[in-house]
Amino acid sequence: MREIIKPVINRSVMAVALALPGLSVQAQVKPPVAQFWMDVATVNMSVPGMADMEDAGMGGLGGMLGGVFGTTKLGFGTPGKWLDSALHTRNKPAGTEGTHAIPPAMAMGTSLPLIPVERGAAPRKEREPDEWEKPKGKLLFYWGCGDKVRAGQPRVIDFSKAGPEEWGRFMTGRFAPDRGAKAVPGRSVWPNERDQQRVPKQALLAGDHAVGGEGVPASLRFAVREAHDFMPKINMSAAGEAKDSVMVGWQTLAAAQGYFLTAMGARGEDEMIIWSSSEQPDPGWGLMDYLAPAKVKQLIGEKVVLMPNVERCAIPAGIFAGAEGAMVRMIAYGPELNLAHPPRPANAKAPWEPEWAVRVRVKSTGMTMLGMDEQHGGRGRTTREEAAPAQQEGGSGLGGLNPLNVIKGIFGR
């Protein structure tokens, strides 16, 4: 945005610009009147011996994952197709009730309502630092694909001894700002309290779209092509016992710009283990979400993200030995569509005042459990008490291991 500068300074800057032949005055660029965001995610969970978990409905497991991890925003959640959309218009900065007209191939009616996000209550006062009880236990961090643990690993942090600075250093990693469909005051979003329908399995995003509402330019119409539609599912396999080197494999996706994997598990009540596929010591806290293709390319060059033609990665031996409920999840970063109307002039010096801008971000995520590969018949460590609920909650074909109990064990639920 153009800064507000005193007239005398403006005249001085202009005089300097005219006096120096190599210096040109930058074009006046205004933000769009309306901005529309669409975050498009495909989520899958690969469990040997079970049919498509989206078709099965997943019972209690799906409900728990959806409640803990949301829709498109984190590394995994309830399997299926997910869409988050948000609208902002400068003409109604507090939010406007709008509609998003969707193509018939979405199989969700003719449009989706966009409802303003309500401003929340005053933030809750946090407790003073001396009131917090220091956590107990250790966190072990490993990184890199390969059969063996590399020298200098793991990094270990003892919760009972680490101060804020040490914890901050340990948690540091690469990340990208959230540039998508955030549900914040001033934006109108879908899904919302009025419409929370699931995106059907057969839904296709490709086709003509239009966004309307008070304060929204009538010209906000655009097309999404097949290249920016829902990505296919990631079908993962994890061959080997958790105590050994586990080869994680997947079929490459044509639209993928790159891949990133992370695994986690708990050993007893006092030890959490984390691993990432990065060649650099990056735990990936900020990487299991949408990244712009340019950022993905940069991270591939830094050997943090795997190239799009990679189709396997080994978790080093011994990392998850004795761990309960170890799981590995991954993300395939998809393409990004950025549109504006009218388009930016070819002449970089010409003023540009777009009526609207649209950003569509795409990703596909997957998750599977370690030590449950098909060649072992889905065997896993379990007790009779853990096996019994599997019959009640829809668990079958897992050799008695109930995925709901596994994930509850990791997150203490």
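Miscellaneous remarks
- Met327 surrounded by fewer than 21 Cβ atoms within 10 Å (Cβ to Cβ), modelled with pLDDT under 95 and in a strand (DSSP E or B): no
- In segment 166-182, residue farthest from Leu299 (Cα to Cα) [restricted to those that are surrounded by 15 or more Cβ atoms within 10 Å (Cβ to Cβ) and of a type in the set (Gly, Ala, Ser)]: Ala181
- You will find that of Gly366, Gly334, the residue that is under 28 Å from Asp244 (Cβ atoms) and not β-branched (Val, Ile, Thr) is Gly366 and no other.
- Residues of segment 239-258 that are crowded, with 21+ Cβ neighbours inside 10 Å, of a type in the set (A, V, I, L, M, F, W, C) and touching a Gly at 6+ places or on another chain (Cβ under 8 Å): Ala242, Val246, Trp250, Ala256.
- Residue match in segment 62-70 (condition: part of a loop (DSSP other than H, G, I, E, B), modelled with pLDDT under 95, closer than 18 Å to Val360 by Cβ and not hydroxyl-bearing (Ser, Thr, Tyr)): no
- Residue within segment 120-136 that is at pLDDT 80 or above and surrounded by 10 or more Cβ atoms within 10 Å (Cβ to Cβ) present: no
- Residue in segment 94-105 that is at pLDDT below 50, of a type outside the set (Asp, Glu), over 26 Å from Glu336 (Cα atoms) and over 19 Å from the mean Cα position of the chain (by Cα) present: no
- Unique match (being within 22 Å of the chain's Cα centre (by Cα) and either closer than 30 Å to Pro32 by Cβ or in contact (Cβ under 8 Å) with a residue 12 or more places away in the chain (or both)) among Val156, Val216, Val184, Val211: Val184
- The condition (being more than 26 Å from His228 (Cβ to Cβ) and of a type in the set (A, V, I, L, M, F, W, C)) is satisfied by just one residue among Ala292, Ala326: Ala326.
- Restricting attention to segment 140-152 and to residues that are at negative phi and under 27 Å from the mean Cα position of the chain (by Cα), the residue that is surrounded by the fewest Cβ atoms within 10 Å (Cβ to Cβ) turns out to be Leu140.
The values are calculated or read from the model by the stated rules, or taken from the named source; none is laboratory data. Not measured: the values here are computed from a predicted model. Here the Cβ is made from the backbone with ideal geometry for all residues, glycine too, and neighbour counts use every protein chain on show.
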